[in-house]
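Each value in this text was obtained by applying a stated rule to the coordinates, not by laboratory testing. All of these numbers come straight from a predicted model, not from anything done at the bench. Please note: Cβ atoms are built from the backbone with ideal geometry, for glycine as well, and neighbour counts cover all protein chains shown.
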Amino acid sequence: MEIILKEDVKGVGYKNDTVSVKPGFGRNYLIPQGLAIIANNSNKKQIEENIRQAAHKAEKIIQDAQALAASIGDLTVTINTKAGESGKIFGAVTALQISDALKDKGFEVDRKRITFKEAVKNVGEHTVLLDLHKNVKHEITVNVVGE
């Protein structure tokens with residue numbers, strides 16, 4: 001089933017993308033939640049027109065995302081958490097903790113835009129991906145320190 005996304009959906013695509021999904025996922029979740037519409041000819045033309053009209057706004061959003069990535073640079077964020085003797089932390093470091101640490105450093109990144117390559121459950125340095133825009137991705141280092 002082909003659909004057009006009205007919002008960014010993690011693991012599926014970004015706003016205004018035409019994607020193929022399984023019919024049940026489209027009919028039972030994406031369309032009722034208002035996240036997508038069926039990709040028929042009239043909806044495709046309407047989305048193309050919206051994209052054309054919003055092209056200059058989109059360019060500014062991309063420039064803002066690139067500027068944020070450039071200002072973050074090779075930033076290392078330190079997270080203090082309780083850890084056992086072996087270096088294993090209790091629980092895991094979450095996207096909310098990283099978002100708050102970035103906010104303390106002066107960078108506003110939504111927690112939904114933070115992706116882990118693997119769960120952060122040990123003390124040490126880990127790489128985390130910031131999905132700032134569909135064309136702008138940036139990696140930062142998270143240093144987890146046991147208390």
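Descriptive notes on the structure:
- Every residue from the range 92-114 that is in contact (Cβ under 8 Å) with a residue 12 or more places away in the chain and more than 16 Å from the chain's Cα centre (by Cα): 92, 93, 101, 105
- Of the strands (runs of 3 or more DSSP E) entirely within the range 95-147, those holding at least 2 residues that are among the hydrophobic types (A, V, I, L, M, F, W, C) and in contact with a Lys or Arg (Cβ under 8 Å, 6 or more places away or on another chain) occupy 124-133.
- Residue selected from the range 61-94 under the condition charged (D, E, K, R) and surrounded by 10 or more Cβ atoms within 10 Å (Cβ to Cβ), by the criterion farthest from residue 24 (Cα to Cα): 88
- Given (1) closer than 30 Å to residue 147 by Cα; (2) surrounded by 15 or more Cβ atoms within 10 Å (Cβ to Cβ); (3) within 18 Å of the chain's Cα centre (by Cα), number of the condition residue 118 does not satisfy: (2)
- Some residue of the range 76-90 being more than 21 Å from residue 9 (Cα to Cα), assigned to a loop (DSSP other than H, G, I, E, B) and touching a Ser or Thr at 6+ places or on another chain (Cβ under 7 Å): no
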